[in-house]
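All of the numbers you see were taken from the coordinates with simple rules; none came from a lab. Just so you know, these numbers come straight off a predicted model, no measurement behind them. Glycine also receives a Cβ, built like all others from the backbone with ideal geometry; neighbour counts cover every protein chain displayed.
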Amino acid sequence: MIKTIAGALCGLALGAAWAQDSLPLVELTAGMHRIEAEVAANDQNRQVGLMNRRVMPPQRGMLFVFGRENIHCMWMRNTYIPLSVAFMDADGVIINIEDMQPQTESNHCAKKPARYALEMNQGWFAQRGIKPGTRLNGIDKAPRPQ
């Protein structure tokens, strides 16, 4: 009983730490893999991204929705979680995936014009065999960029 209560409280704390920004969620799939992605669709949310977060559940991520396809770049200022970012075209097809180290300001850029970027815990894509050319489904349900 105590383990169950402790586990439930830990889960609530993890969820609360994750949901600090109250951004909309969209469900994406990569083959049989399900992703719950918080959506950053406006300038302010894209600029903050996952900054200052200390934990992220394994199936969670953040989807950045850009107003137009371009060579978008990401960095890790004030970000404490090691992340991998997948840049995708307008159809949700992965262009390239980059690993990013916490609290660095190195640019990690799309190799060709991208419309979306999905940040997940570092190694998430590699552990599941998800590579450039893979299409993510559900991207059409993401909020429009603002």
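In this structure, is ARG68 surrounded by fewer than 15 Cβ atoms within 10 Å (Cβ to Cβ) and either on the phi < 0 side of the Ramachandran plot or assigned to a strand (DSSP E or B) (or both)?
Judged against the criteria, ARG68 is a match.
(1) exposed (fewer than 15 other Cβ atoms within 10 Å of the Cβ); (2) in contact with a Phe, Trp or Tyr (Cβ under 9 Å, 6 or more places away or on another chain); (3) on the phi < 0 side of the Ramachandran plot; (4) not aromatic (Phe, Trp, Tyr): which one isn't true of GLN103, the others all being true?
(3)
Kindly list, by first and then second residue, each pair from a residue in the range 29-43 that is more than 21 Å from THR134 (Cβ to Cβ) to a residue that is surrounded by 13 or more Cβ atoms within 10 Å (Cβ to Cβ) and of a type in the set (Asp, Glu), limited to pairs with Cβ atoms under 9 Å and residues at least 6 apart or on different chains.
ALA40/ASP21
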